[in-house]
Amino acid sequence: MLTVEEHTSLKDSNTFGIDCRAAKVVTVSDRSDIAQFYARGLLNGKHLVLGGGSNVLLPDSYSGTAILMRNKGLRVLSDTDGKVEVEVEAGEVWDSFVKHCVASGWHGLENLVAIPGTVGAAAVGNIGAYGAEVSEVITKVTAFDKDSGSWLQLDNQSCDFAYRDSLFKHREFIVGSVTFCLSRTYEPNTSYSAVASIVERLGHTPTATEMVAAIEETRWSKLPRPEEKGSAGSFFKNPVVAAEKYEQLKAQYPDMVAFPVAEGYKLAAGWLIDRAGWKGRTLGRCGVYEKQALVLVNHGGCTGEEVRLLAKEVAGDVCRKYGVTLEPETIFVEE
């Protein structure tokens, strides 16, 4: 049965713990619910799709309809020639899915363990960590086009994946399921220095299970668990600057952290924020996490507006000191 709640709090539906009141809230328990909500006119006008609510900053109130994705399920489409193609419903918890894959002998997602959120949101934000991006193993996304009222199947190229970005951040689509192509052969991705350090510390090439456990331990040693302290994970994107700008900064700050990319150099936003003096600082009821400057946290009862003000202050200081613009990775939802 389709239910519609009115003037309902979304505090438990976002990892920042912002007590946002939505005008309407609908819950998708099955993918088919989306078309029914559309037919009833409940998707007309402004809407907000929430999986785990792990990469959004909500306002104090939301005048549109919040759509909570709670559809579950997984089915293997093919398992041949060492490749497994699996379709996963958008509401599945991402971390649980990664661990299910490892237990099933399906590989390619190990470095993305312990990222809060859902499978659908993983595709929308093209999540990445420790040298891997989810778009590397996505073959297809099934999405509902709110404009036409129909379902679409988009291949990887059509999804316009980019750094922490995809087509789904810019079009009126609701992701219903994501299809992955995973490998039956485990080949550890050690391209990122922190992962290479894990291998060195273990003293042998880790199994997939060992790698997942080590990455999970490393991640939670630096980031707050959502159930313990509200946050949206990494709040800012790592900025990319031209080679000339990088050389200028490197001359001033020899220990600056950066990585070469096609467009120039990707700087570590956390390093910039830390060296600008913000790590561990508070502003009102929110602040910069003491263990990782890339994370903004809710110290208890803070509003979305307070977090916006903090983000503005942090980005402003970084720009004044380094001449580098920080862009939020977190999505700012308007009232």
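Data table
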{"item": "Verdict on Ser61 being crowded, with 18+ Cβ neighbours inside 10 Å and closer than 26 Å to Glu335 by Cβ", "result": "no"}
{"item": "Selection count, segment 316-328, where residues are over 18 Å from Tyr253 (Cβ atoms) and crowded, with 21+ Cβ neighbours inside 10 Å", "result": "0"}
{"item": "Segment 109-128: number of residues that are touching a Phe, Trp or Tyr at 6+ places or on another chain (Cβ under 8 Å), small (Gly, Ala, Ser) and farther than 20 Å from Leu77 by Cβ", "result": "4"}
{"item": "Given (1) assigned by TED's automatic domain parsing to the domain that holds Tyr322; (2) modelled with pLDDT under 95, number of the condition Phe235 does not satisfy", "result": "(2)"}
{"item": "Among residues of segment 18-44, those that are in contact with a Gly (Cβ under 6 Å, 6 or more places away or on another chain) and farther than 17 Å from Val88 by Cα, counted", "result": "2"}
{"item": "Given (1) touching a residue at least 12 places away in the same chain (Cβ under 8 Å); (2) touching a helix residue (DSSP H, G or I) at 6+ places or on another chain (Cβ under 6 Å), index of the condition Asp160 fails", "result": "(1)"}
{"item": "Strands (runs of 3 or more DSSP E) (entirely within segment 9-128) containing at least 1 residues that are hydroxyl-bearing (Ser, Thr, Tyr), out of contact with any Lys or Arg (no Cβ under 8 Å at 6 or more places or on another chain) and at pLDDT 95 or above", "result": "74-80"}
{"item": "Selection count, segment 164-201, where residues are closer than 18 Å to Ile127 by Cα, touching a Lys or Arg at 6+ places or on another chain (Cβ under 7 Å) and in a loop (DSSP other than H, G, I, E, B)", "result": "1"}
{"item": "Odd one out for Gly125 among (1) in the same structural domain as Val86 (by TED's automatic domain parsing); (2) in contact with a strand residue (DSSP E or B) (Cβ under 7 Å, 6 or more places away or on another chain)", "result": "(2)"}
{"item": "Only listed residue being farther than 16 Å from Lys321 by Cα and basic (Lys, Arg), chosen from Lys250, Lys266", "result": "Lys266"}
{"item": "Hits in segment 57-107 - residues which are of a type in the set (Val, Ile, Thr) and within 29 Å of Ala213 (Cβ to Cβ)", "result": "Val76, Val84, Val86, Val88, Val93, Val98, Val102"}
{"item": "Segment 194-246, residues that are among the charged types (D, E, K, R) and in contact with a Phe, Trp or Tyr (Cβ under 9 Å, 6 or more places away or on another chain)", "result": "Arg219, Lys222, Lys229, Lys237, Lys245"}
{"item": "Restricting segment 1-57 to residues that are closer than 20 Å to Phe332 by Cβ and over 24 Å from the mean Cα position of the chain (by Cα), the residue that is surrounded by the fewest Cβ atoms within 10 Å (Cβ to Cβ)", "result": "Gly45"}
{"item": "The lone exception for Val76 - which of (1) β-branched (Val, Ile, Thr); (2) touching a strand residue (DSSP E or B) at 6+ places or on another chain (Cβ under 8 Å); (3) under 22 Å from Ala132 (Cα atoms) it fails", "result": "(3)"}
{"item": "Meets criteria (at pLDDT 95 or above, farther than 13 Å from Leu57 by Cα and either more than 21 Å from the chain's Cα centre (by Cα) or not polar (S, T, N, Q) (or both)) for Leu294", "result": "yes"}
{"item": "Strands (runs of 3 or more DSSP E) within segment 230-335 that include 1 or more residues without any contact (Cβ under 8 Å) to a residue 12 or more places away in the chain", "result": "258-261"}
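Listed here are the residues, each with its yes/no results for (1) touching a Gly at 6+ places or on another chain (Cβ under 8 Å); (2) among the hydroxyl-bearing types (Ser, Thr, Tyr); (3) at positive phi.
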residue	(1), (2), (3)
Glu228	no, no, no
Val240	yes, no, no
Lys245	yes, no, no
Asp255	no, no, no
Ile273	no, no, no
Lys291	no, no, no
Gly301	no, no, yes
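The values are calculated or read from the model by the stated rules, or taken from the named source; none is laboratory data. Model, not experiment: these values are computed from the prediction. Every residue, glycine among them, receives a Cβ derived from its backbone with ideal geometry; neighbour counts consider all protein chains shown.
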